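Following: one structure in structure tokens, then a few remarks.
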Amino acid sequence: MSPVTCFRDYSVPVTSVGAATAGGRTAGAQRVLDAALELFSEHGFAGTSLQDIADRLGVTKAAVYYHFHSKDDLLLALVEPVIDELMAMAAESNSVRVGRGIGIARYVDYLLSHRRVAVYLTRDATAMGHPRLVEKGAQLRGRVESMLLGSDAGDLGTVWGAATLQALAGALLAAPPDVPEEWLREELTELGAHLLAGYRKAVRRREA
């Protein structure tokens, strides 16, 4: 049986955090990142120390410090590449004006490819309170809403965009860890489509 990482009542199999966070890093640094995400998910960012990470890996704290000098460095190394990827995807989608349904499908694919990080961030508000992540989150929100609902969504789009993001993240969080990924992709995409239909209905109602 593979080890699991869990936070409260949620668990998913432990695997590498993925290519988005691994670019250019040594295998040792990647092991530290994987252990950090595992412990952050179990105990929260505030409840985890560099010593805890070292103990999980069976190495000295100095060995962890060699790769990352602080918990903040670890958090940013885990999360910033994932956020940057979404920002780039949203910018590309908005520049070529992809269909709204395609925007939903791309976002669902993104969530599934970064499921462990997405679930962790949904659980741990402390992590997203980091000043650099707050700043990036503010930049990201409008771009993703435009990707999902269109660049002309306005105030109505802000409301429905936030609802769509929260609903998809919440559904991902609630999904049992052992459901097939394709099943989950289909259900999340269907949920997004229903929310998109609700937004379109709201637009028509406002225009009537």
| query | Rounded to a whole number, what is D in µm²/s for the range 24-126 from Stokes-Einstein with the Kirkwood radius over alpha-carbon pairs (4 °C, 1.567 mPa s)? | reply | 86
| request: Note the full-extension length gain between Val179 and Asp55 as 0.36 nm times their separation in residues minus their Cα-Cα distance, in nm to one decimal. | output: 41.5 nm
| So how strong a dipole does the range 78-207 carry about its Cα centre when Lys and Arg Cβ are +1 and Asp and Glu Cβ are -1, to the nearest 20 debye? | 460
| Which whole-Hz couplings ³J(HN,Hα) result when phi for each residue of the range 48-61 is put into the Karplus expression 6.51 cos²θ - 1.76 cosθ + 1.60, θ = phi - 60°, listed in order with x for Gly and Pro? | 10, 10, 4, 5, 4, 5, 4, 4, 4, 7, x, 10, 7, 4
| query | Mind ordering 189-200, 171-182 by average Cβ neighbours within 10 Å, highest first? | reply | 189-200, 171-182
| task | Could you pull out every one of the lysines with an alpha carbon less than 29 Å from that of Lys71, ignoring same-chain neighbours closer than 8 positions? | result | Lys61, Lys136
| field | Cα principal axis extents for the range 78-207, largest first, Å | value | 42, 34, 25
| Tell me, what HN-Hα J-couplings in whole Hz come from the Karplus equation 6.51 cos²θ - 1.76 cosθ + 1.60 at θ = phi - 60° for each residue of the range 137-142, using x for Gly and Pro? | x, 5, 5, 6, 4, x
| query | For the range 132-208, what does the alpha-carbon gyration tensor say about shape, rounded, prolate or oblate, given a ≥ b ≥ c as the root eigenvalues, a/c under 1.5 as rounded, and a/b over b/c as prolate? | reply | oblate
| When you count, for each residue, the other Cβ atoms within 10 Å and take the mean per peptide, how do 158-166, 75-83 rank with the highest first? | 75-83, 158-166
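Read-outs: derived from the displayed coordinates by stated rules, not from any lab. Predicted, not measured: the structure shown is a model, and the values here were computed from it. Note: ideal-geometry Cβ built from the backbone for every residue, glycine included; neighbour counts use all protein chains shown.
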